[in-house]
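Undergrad: Encoded as structure tokens, here's the structure I'll be asking about.
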Amino acid sequence: MNCHSCGAQLAATARFCHKCGARVGGAQAAGWRAGLPWGVAGAALGALVAVVLIRVVPGGGAAPLPEPAMGTSAPFASGGGTPPDISRMTPEERATRLYNRVMSLHSAGKPDSAEFFLPMALQAYAMLPNLDVDARYHVGVLELTGGDAAAALAQADSIRQVAASHLFGFMLRARALEAQKDPRGALQAYHDFLKYEAAERARRLPEYAEHAQNLDAFHRQALDATSARPGTSN
């Protein structure tokens, strides 16, 4: 697939041209209007970097730090530090920052703002040459946030193909099947999560450390779900 504006080669899942910023599949635009979506995305990513800092955990993972309180400035905005050079970020770092931004806005009860950053985050992951398990989990969570349960389920299945007992696959599968009104399938995913949880967490994978709170919360939900109804065979 090629961009209708500049002719650049695009990925099949691209929503914006990575070269000129034109919207894929939209009406053709000329002049400055063709680059407007990318200009907005660039401004938004700049705002993201100015507000959200991340801490790096062992293994290369990242987790968001709390946003500054209303009426305060980010540390480097008030002279307390130097903003990171976006051009020096790896594609993976840019994707992770956008994922963290969407999740923090969603958790803060700001769905409109989360929706604004969501396509940028998905596009950032679509531009990565390869997706590891952690990246596929991020994409699946983003798809669920956007209401696309089928796409999230596809990511869960992809995780299971490369790591059959990885907990992220069960987590995505349970959430996606619940969204698709498949309680029996979701219940099986909860059972599978609990079945493999101890052995998997004993592996101390970096993505498990990064998402420890999510794993703990899902563990409690899995216990509630499996104790409320008779379990399926394991």
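Residues are listed down the side, and each one gets a yes or a no for (1) touching a Lys or Arg at 6+ places or on another chain (Cβ under 6 Å); (2) within 22 Å of Ala186 (Cβ to Cβ); (3) among the hydrophobic types (A, V, I, L, M, F, W, C); (4) assigned to a loop (DSSP other than H, G, I, E, B):
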position: Asn100; (1), (2), (3), (4): no, no, no, no
position: Met103; (1), (2), (3), (4): no, yes, yes, no
position: Phe117; (1), (2), (3), (4): yes, no, yes, no
position: Leu131; (1), (2), (3), (4): no, no, yes, yes
position: Ala135; (1), (2), (3), (4): no, no, yes, no
position: Val139; (1), (2), (3), (4): no, yes, yes, no
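Undergrad: List, please: which pairs have Cβ atoms under 7 Å, are six or more places apart or on different chains, and start with a residue in the range 111-133 that is open to solvent by less than 30 Å² (accessible area, probe 1.4 Å) and end with one that is not in a helix (DSSP H, G or I)?
TA: Correct list of pairs: Leu118/Gly146; Gln123/Ala14; Gln123/Arg15; Gln123/Phe16; Tyr125/Leu131; Val133/Ala163; Val133/His166.
Undergrad: Right, something else. From the residues in the range 163-190 that are open to solvent by 30 Å² or more (accessible area, probe 1.4 Å) and assigned to a helix (DSSP H, G or I), which one is nearest to Arg101 (Cα to Cα)?
TA: Arg175
Undergrad: Looking only at the range 153-160, decide whether some residue is over 19 Å from Asp134 (Cα atoms), basic (Lys, Arg) and either within 16 Å of the chain's Cα centre (by Cα) or not in a loop (DSSP other than H, G, I, E, B) (or both).
TA: no
Undergrad: May I pose another question? Regarding the range 150-162, can at least one residue be identified that is modelled with pLDDT of 95 or more, surrounded by fewer than 24 Cβ atoms within 10 Å (Cβ to Cβ), more than 24 Å from Arg201 (Cα to Cα) and among the charged types (D, E, K, R)?
TA: No, because not a single residue in the range 150-162 is modelled with pLDDT of 95 or more, surrounded by fewer than 24 Cβ atoms within 10 Å (Cβ to Cβ), more than 24 Å from Arg201 (Cα to Cα) and among the charged types (D, E, K, R).
Undergrad: When the range 112-141 is examined, which residues are found to be farther than 17 Å from Leu153 by Cα and out of contact with any Leu (no Cβ under 8 Å at 6 or more places or on another chain)?
TA: Across the range 112-141, the qualifying residues are Asp112, Glu115, Phe116, Pro119, Gln123, Met127, Leu128, Pro129, Asn130.
Undergrad: In this structure, is Phe193 closer than 24 Å to Thr96 by Cα and either within 23 Å of the chain's Cα centre (by Cα) or at pLDDT 95 or above (or both)?
TA: Taking the combined requirement at face value, the residue does not satisfy it.
The values are calculated or read from the model by the stated rules, or taken from the named source; none is laboratory data. Keep in mind the model is a prediction, meaning the values are calculated, not measured. In this analysis, Cβ positions are derived from the backbone assuming ideal geometry, glycine residues included, and neighbour counts consider all displayed protein chains. For the accessible areas, the whole protein counts, side chains as well, though only heavy atoms, and no ligand, DNA or RNA atoms are used. Shrake-Rupley method; radii C 1.70, N 1.55, O 1.52, S 1.80 Å.
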